1. Skip the ligands, DNA and RNA, and give the accessible area per residue of the range 97-203 with a 1.4 Å probe, whole Å².
2. Could you work out the relative contact order of the chain? I mean the mean sequence separation of Cα pairs under 8 Å and 6+ apart, divided by the number of residues, in percent.
3. Give me the orientation-averaged projected area of the Cα convex hull of the range 609-660, in nm², one decimal.
4. Taking a cut-off of 27 Å, what percent of all Cα-Cα pairs in the range 461-596 are separated by more than that?
5. Once you have the Cα-Cα distance between LYS391 and GLU510, take 0.36 nm times their residue separation minus that, and quote the gain in nm to one decimal.
6. Of all alpha-carbon pairs in the range 527-664, indicate the percentage at a distance above 27 angstrom.
7. Semi-axes of the equivalent ellipsoid of the range 685-748: what are they in whole Å, largest first, if each equals the square root of 5 times a C-alpha gyration tensor eigenvalue?
8. Please determine, in degrees from 0 to 90 and to the nearest 10, the orientation of helix 570-591 with respect to the longest principal axis defined by the Cα atoms of the chain, where the helix direction is its Cα long axis.
Amino acid sequence: EKAGEATRFIGLENLERAAAYERKRITCQGCENFCQVTRMTFTENGETRSFFAGNKCEKIFTNRLKGSRTGANLHQIKRELLFDRDATPAEPLKNEKGEVPRIGIPRVLNMWDDYPFWNALLRESGFEVVLSDPSSMALAAEGYGTVMSENICFPAKLTNGHIFNLLEKGVDRIFYPMVRYSRTEYNEAQNIYNCPVVTGYPQVIESSINPEARGVPFDRPPVSFATEALIRKFCLSYLKGLGVDEKRARQAFAAALKAQSDYREDVRMAGSRIIADAKRENRRVMMVLGRPYHVDALISHKMGEMITSLGLDVITEDSIPLEEHSALDDVKVLTQWTFPNRLYDAALWAAEQDNVEVIQLNSFGCGPDALTVDEVKPLLNRYGKNPTLVKIDEITSPGSVKLRIRSLIESLRMRGEDFIPHRIERTDTAVFGIEDKHRKILAPVFSPFYTDFLVSTFRNQGYDLEILPMADKKSIETGLKYSNNDICYPATIVIGDLIKALQSGQYDPENVAVGLTQTGGQCRASSYVSMLKKALIRAGYPQVPVVAISTHTGGEALNPQPGFEIPTAFRLDSLFGIIYADVLARLFYSHAPREMVKGSAWAVAKKYIDLGKTRVNYRKPGVLYNLLDEAVKEFNALEVDPAPLPKVGIVGEIFVKFNPFSNSNMTEWLMGQGIEPEVPPLINFFLTMFVTEHYNWKNFITETSRLKLQGLRLAEKFVDHHINRANRIIGKAVQPTPGIHSIRHLADHAENMIELINQYGESWLIAGDIGSFVEDGITDVVCIQPFGCIANHIIAKGMEKKMKETHKGLNILYLDWDAGSSEVNAVNRLDFLVRGAREAFYSGRKKESRSREEKEEEKEVILQ
């Protein structure tokens with residue numbers, strides 16, 4: 001308390017005075033957020049004072065804890081630059097009714113980056129553009145009932161509400177493209193993907209809401225901004241389908257390019273002005289790192305307004321002055337997504353500025369941010385700075401966020417005004433050089449059926465490769481300790497397993513290396529190698545080199561390994577080895593549930609795994625086929641109960657599906673319940689390129705030469721020949737055993753349910769496998785996936801409604817696995833599925849038996 005110039009401190013003896021207040025809940029009507037504000041009223045010496053809590057900003061209800069000025073807010077400026085645009089057609093293109101078509105665009109996800117382009121393209125083509133309303137909790141709630149995945153990020157959940165908002169506006173059609181590749185912004189970047197959610201969510205909208213069924217055409221075309229030629233081809237093709245002539249379409253396309261370029265330049269200019277003013281007046285600037293859609297006031301909980309009310313200026317990750325562009329030097333992760341690449345670039349720039357600090361926004365459930373958060377921090381640490389990470393979703397407490405911002409400001413004051421950023425070298429793991437070929441390479445087990453065949457080529461080349469035993473609980477505990485806990489379950493297991501082995505004392509860190517595969521695809525599994533390298537450093541093993549088995553990422557600069565080469569025979573050896581293992585797996589799963597002597601089926605399978613792994617050689621495939629012939633004979637000799645059994649299909653993420661530890665030995669449990677598990681063959685996971693390369697060329701996604709397409713077609717025929725040869729061997733089994741479907745057959749099934757632009761994770765293969773299950777009479781399916789798998793948000797859970805509409809009677813159980821999963825809960829849910837499968841199977845068998853008996857009786861009557 002202040003009395004005149006003196007300050008009187010109220011001690012603990014006056015606590016009852018602090019408790020004497022009135023509390024009331026009110027709703028702020030100041031903006032679309034409608035914050036629930038708590039007003040606490042205190043009375044002291046006849047004076048009444050109020051304190052407000054719960055509001056996201058202090059525009060209406062303020063505690064007068066503001067800075068001396070309100071800072072410049074690039075969030076607000078970007079919202080205006082993006083969406084305050086003319087929506088009327090430049091020259092109306094009327095339909096047969098004499099009306100100008102109204103095309104709706106949702107204010108969501110990638111539209112927070114691409115809207116200027118699409119707005120100009122459609123307006124200049126003669127259409128009226130209708131934008132959905134700004135985000136609000138009421139708008140979000142309208143769509144919650146159709147959200148297919150409960151743990152997908154809040155920006156995605158918001159999309160459903162925006163689609164309903166457009167339907168209420170009475171638009172003539174909705175345009176929401178599936179954008180796989182963004183624009184090239186950094187020459188050194190490994191790729192320019194959007195994340196799977198940004199690419200695939202239009203497909204989820206089609207499945208869950210289906211605007212077409214509500215009378216509104218829904219356009220969700222596959223799109224690529226990879227080159228100007230590709231996006232031009234798409235735009236001309238799409239506009240032609242809407243009745244726009246080519247001349248006008250070309251003019252509209254030119255206007256769209258200009259609008260997008262002008263927007264990006266306007267953002268940079270606005271950022272440059274804020275930065276220049278702050279330097280001139282010696283003020284601090286707060287760079288808020290996030291995705292473009294974090295500028296949405298609802299998603300960020302008005303983060304920009306919170307910061308600027310405290311007197312700081314706010315800039316964004318895409319507002320760096322071009323002349324000070326930092327690019328992606330010293331980034332230690334795969335630079336494969338466009339939006340995260342901007343974060344790295346901006347973090348490197350901010351690190352070198354003496355008056356710029358960083359707050360990083362991270363949406364709960366954001367897959368790529370499990371990697372970006374771990375990379376932004378060391379980029380800033382190199383210069384003595386620390387980012388403040390703020391995780392946000394629909395229920396984030398604004399009070400706690402404000403407290404963190406104020407704490408950040410206070411810590412900056414404590415750091416002092418004389419702080420000057422200085423560069424410190426980052427620690428990296430050792431390089432696997434020519435002199436390291438003697439090292440033993442430790443690798444985690446993937447599957448008892450497949451691991452040895454995936455690495456057989458490297459053993460044949462003389463590398464000392466040791467496959468570790470199956471993971472255990474200690475592997476998980478170690479993985480959680482040394483890797484980001486937001487990463488998916490397989491990464492936790494394999495990283496923990498490798499570090500656990502190093503900590504066991506069985507291996508000399510100076511004479512071993514560790515190895516992982518690296519796919520280079522659109523999902524975050526491509527970045528396990530960089531996560532492993534960071535975990536090794538944290539665990540105290542920087543001297544242990546990492547070997548990446550990859551042919552796709554172009555990541556040699558990220559993980560140099562001159563002493564480890566990918567042999568040219570790797571792909572062909574792996575092809576034959578995987579087909580061989582697929583046949584053994586299918587024979588095992590068809591015999592093991594029926595074996596009269598427990599363990600006899602695995603004994604045969606293990607025998608031929610051990611025989612086959614030493615004989616893999618693409619030049620002599622006949623050796624493996626001869627072994628399979630012998631294996632079939634031994635399976636035929638097993639004592640089994642030939643009676644048919646109910647079947648349950650298993651689909652899902654590749655590691656969780658094939659690794660027994662990660663799925664708690666699900667196939668073994670099912671077989672113990674009298675169920676024959678149907679596990680899709682692994683080979684098809686590697687054959688999807690035969691379909692997708694042609695699809696991408698046809699739909700202007702990538703620029704692929706006809707010569708390459710012809711080569712792929714020949715390669716596909718070669719592979720089909722060998723799969724057919726394997727199927728003929730499977731056909732010799734006395735116990736009926738399913739063969740291997742061709743990749744084209746699976747793609748045909750998939751196209752009935754999902755767009756083939758979904759090429760991340762298991763891609764469209766899950767839909768294809770389920771279609772083949774139903775074709776084979778299997779309607780009970782378990783989909784197992786890591787908790788929070790961004791790919792399966794789209795291609796699995798996101799497509800449930802569509803898959804069930806396509807296949808009547810289909811029953812899908814989704815099981816999410818992570819370090820904290822309850823096996824009891826999983827078993828209970830599986831038990832319900834199994835009971836239903838058994839009941840349907842045996843009741844069907846009884847009906848079939850009664851039908852045969854009735855036919856026999858009818859035949860006897862006729863004969864009499």
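1. Ligands and nucleic acids excluded, the result is 26 Å² per residue.
2. Here the relative contact order equals 11 percent.
3. That works out to 5.9 nm².
4. Summing the P(r) tail past 27 Å for the range 461-596 gives 30 percent.
5. Residue separation times 0.36 nm, minus the Cα-Cα distance, leaves 38.9 nm.
6. 43 percent
7. In descending order the semi-axes read 30, 12, 6 Å.
8. Once rounded, the angle reads 70 degrees.
The values are calculated or read from the model by the stated rules, or taken from the named source; none is laboratory data. Because the structure is a prediction, the values reported are computed rather than measured. Every residue, glycine among them, receives a Cβ derived from its backbone with ideal geometry; neighbour counts consider all protein chains shown. The protein model used for the area step is the full one, side chains on, heavy atoms only, and it has no ligands, DNA or RNA in it. Shrake-Rupley method; radii C 1.70, N 1.55, O 1.52, S 1.80 Å.
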